[in-house]
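Worksheet: one structure, shown below.
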Amino acid sequence: MAKAKTNTEDYLRMYRQMVRIRTFEDNANQLYLSAKMPGLTHMYSGEEAVAVGICEALTDDDRITSTHRGHGHCVAKGAEFKEMFCELLGKEEGYCRGKGGSMHIADQSHGNLGANAIVGGSMGIATGSALRSKMLGHDDVTVCFFGDGATAQGLLYEVMNMAALWNLPVIYACENNGYSEYTKTEEIAAGSITARAEAFGIEAFKIDGQDVLAVNELTQKLVARCRKGEGPFFIELETYRYHGHHVGDINREYYRSKDEEKDWKENRDPIIRFRGWLVEQGIASEEEIEAMNAEIEKDATEAVAYAEAAKYPDVSEVDMHVYAD
Amino acid sequence: MATEILMPALSPTMEEGTLAKWLVKEGDTVNSGDILAEIETDKATMEFEAVDEGVIGKILVEEGTEGVKVNTPIAVIGEEGEDMSNAETASDAATETKEEVTKDQPMAQQPAAVPAKADRSPDWPEGTEMTTMTVREALNTAMVEEMERDDGVFLMGEEVAEYQGAYKISQGLLDKFGEKRVIDTPITEHGFAGIAVGAAFGGLKPIVEFMTFNFAMQAIDQIINSAAKTLYMSGGQMGAPMVFRGPNGAAARVAAQHSQDYAAWYAHIPGLKVVMPYTAADAKGLLKSAIRDPNPVIFLENEILYGRSFEVPVLDDFTIPFGKARIAREGKDVTIVSFGIGMSYAMEAAEKLAEEGVDAEVIDLRTLRPLDYDTVLDSVRKTNRMVTVEEGWPVGAIGNHLSAHVMTHAFDYLDAPVLNVCGKDVPMPYAANLERHALVTTDEVIEAVNQVTYR
């Protein structure tokens, strides 16, 4: 595996963050399946190395925009389980006071400008955040997460054009998980995805999105270059979504095989791969890793219990925050 | 303190009635909502409820009394233990009117008991020096003043910098503020509207100029799903303090895709504020307020009005608050409500009607969200008739909404159904005669006023 962050603490933190995302999603899925969670949610499981590899190269001053499949970005950017589960269950202590839900979690304190559940909807916001950084003479960088499906939206090309014209510090991170909802990516995307960015004169990279160290190493370089005014950049990260398009998408065989899912889960899982590397390099023992996993599982269980018991927003909040005073 | 219960008016035309039956007696404790008495008119019998809690001190009008005038004190209500032996004298001195609610007509308002609620303070102090200015100059000055006042304000859009704006609203801004704050964009409404929203999330205050609002349809997702909803969706963590502005509505002979009034569309959206000025003074004062507002504001201008001149006060810092309509002409016979270029037709109609002896009150709403319902209701309670005028299409028009509001809150005051004068229900045609036919005309406004005044 490629090397990026070099000290033990950084490696363990990256592992920990990936497991936190997986554990969060397993619990969220369980809440949905047991009918405790309403609505619709989209699991990030399988794509952890993308969010963690990128966000570990950012500071709290750097911004991200997220998508309907956004829990992973949110955790990776520093969010807490308790406030996230509260938000999923529509409780007052959620990040958005229960008004956003799974698809709209925002966490300003860590620079997460929020999940936009209109596919491609946050591309303008991320680019505008980068324009703000440049106008104010700041050195923060904004990462725009979106999926392969969103590359079919015109907005991407409108804002990449301006980002390139104006040299904005923005990184477009295309999480190519192979499927645009229920359709294979090759059926919705003509030609090359990276070539589209290159057409605007934007340097574009295609990378294994299951290798957290490779993702982190590339992002660190690009963030540093953005801070020097060399942005924007584009990264296509090859990854895989373990669940369906959303939690209700159970019978998937009509669009992808069980063998294919099994192959990604057994042979390319970002957590298993990184765990093996940590042990092999002597950074952590199996026992230490098991202890870490158990602690995260416990945190999640406690956060779920807390959120289940937490109170709903007062009905008087229904018209709060429609307007700022 | 003892308060009087007055004989209620069960309809605006009721002058007197029979106090058929008391359901309480002196010394009884009553709670809000308890039925006090039955009142009869020649049309109906209604139960009359207490508004406040207290003890019935004295019954001043015995049951069975006929011809009790509206607003006559019929009983005195006081707090527990209060001495009300001299209640009758107190009642003579009392001038405070008391609103009671009848059970069968909970929304019925009493003409005498509804005080005017609207803010009728002048927009600028009396005696202020005035100058003549076009709407274009007023908008330009507003942006200059606000950009000087706040470094976070910047302008972006197509041809706003080098070319000075397609309609020259941004004349001189590039020279004054530089290319960092006056930004030319490619022809890419969805893109630059989205970028502006992102900049606003980070605390800057973008002014987005759409060359016309017809092109803003490309950006509607960013305006509604991102700008208008984020403050709410994020539980107050961040919002979009910004202005989307540009000409809206029909210009002349540019056909369907360049001639549409979006007032009702944007006014539908919670989270947006919507402004549509008519005069230059309003254009200036409201644009300055819009730029300062911490919410996304849709500022609808009009190409035909850009070159029109009005009196504008000469003041260092002149703003007009949102949600305060302007009474452009006082009158007593009918209320004409309009906004934006609709005011041209409304005012012209009012002048012609005056020659025929009809005294129309004309209200310029100025902002559609928030909307100054009080000024409209106060006026309708006075004139008892209303006509709305707008250039937009008739289905789901602003006038429809106002009609419903007036029906709900001043039903008993209406002497005629409210009429909505709108643009015709067709895409804008190109041919001059057809275009003229599709737009609102002054004659249509006059005709509507004639209908509601039964002339």
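What follows is calculated from the coordinates using simple rules that are stated; it is not laboratory data. Computed from a predicted structure; not experimentally measured. We place every Cβ from the backbone using ideal geometry, glycine too, and count neighbours over all the protein chains shown.
Structure above, values below:
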{"read-out": "Per-residue Cβ neighbour rank within 10 angstrom, fewest leading, B:449, B:197", "value": "B:449, B:197"}
{"read-out": "Of A:206/A:258; B:180/B:284; A:228/B:229; A:184/A:265; A:82/A:262, pairs whose Cα-Cα distance is over 22 Å", "value": "A:206/A:258; B:180/B:284; A:228/B:229; A:82/A:262"}
{"read-out": "Within 10 Å of each Cβ in B:234-246, the average number of Cβ atoms from other chains", "value": "5"}
{"read-out": "For segment A:188-203 and segment A:1-73, distance of Cα centres in Å", "value": "27 Å"}
{"read-out": "Angle in degrees between helix B:135-149 and the longest Cα principal axis of chain B, rounded to the nearest 10", "value": "90 degrees"}
{"read-out": "Shielding by partners - mean other protein chain Cβ count within 10 Å, residues of A:129-139", "value": "5"}
{"read-out": "Relative packing of peptides B:301-310, A:295-304, A:92-101, B:222-231 - highest average C-beta neighbours within 10 Å first", "value": "B:222-231, A:92-101, B:301-310, A:295-304"}
{"read-out": "Nearby lysines by direct alpha-carbon distance to residue B:352 (threshold 25 angstrom, same-chain neighbours under 8 apart not counted)", "value": "B:332, B:382, B:424"}
{"read-out": "Least to most buried among B:379, A:109 (fewest other Cβ within 10 Å first)", "value": "A:109, B:379"}
{"read-out": "Whole-angstrom gap from segment B:266-304 to segment A:114-151, using each part's C-alpha centre", "value": "27 Å"}
{"read-out": "Protection-proxy order for peptides A:53-61, B:331-339, each taking the mean of Cβ atoms within 10 Å per residue, highest first", "value": "B:331-339, A:53-61"}
{"read-out": "Shielding by partners - mean other protein chain Cβ count within 10 Å, residues of A:116-125", "value": "6"}
{"read-out": "Kirkwood-type radius of the protein assembly as shown, with distances r between different C-alpha atoms, in Å", "value": "30.1 Å"}
{"read-out": "Order of B:369, A:268 - criterion: other Cβ atoms within 10 Å of each residue's Cβ, fewest first", "value": "A:268, B:369"}
{"read-out": "Long-range HN-HN contacts of residue A:180 with modeled amide H, under 5 Å", "value": "A:185"}
{"read-out": "Angle in degrees between helix B:442-452 and the longest Cα principal axis of chain B, rounded to the nearest 10", "value": "10 degrees"}
{"read-out": "Helix B:189-201 vs. chain B, principal-axis angle (Cα, 0 to 90°, nearest 10)", "value": "60 degrees"}
{"read-out": "Summed side-chain charge close to residue B:120 - residues other than residue B:120 whose Cβ falls under 11 Å, Lys, Arg +1, Asp, Glu -1", "value": "-3"}
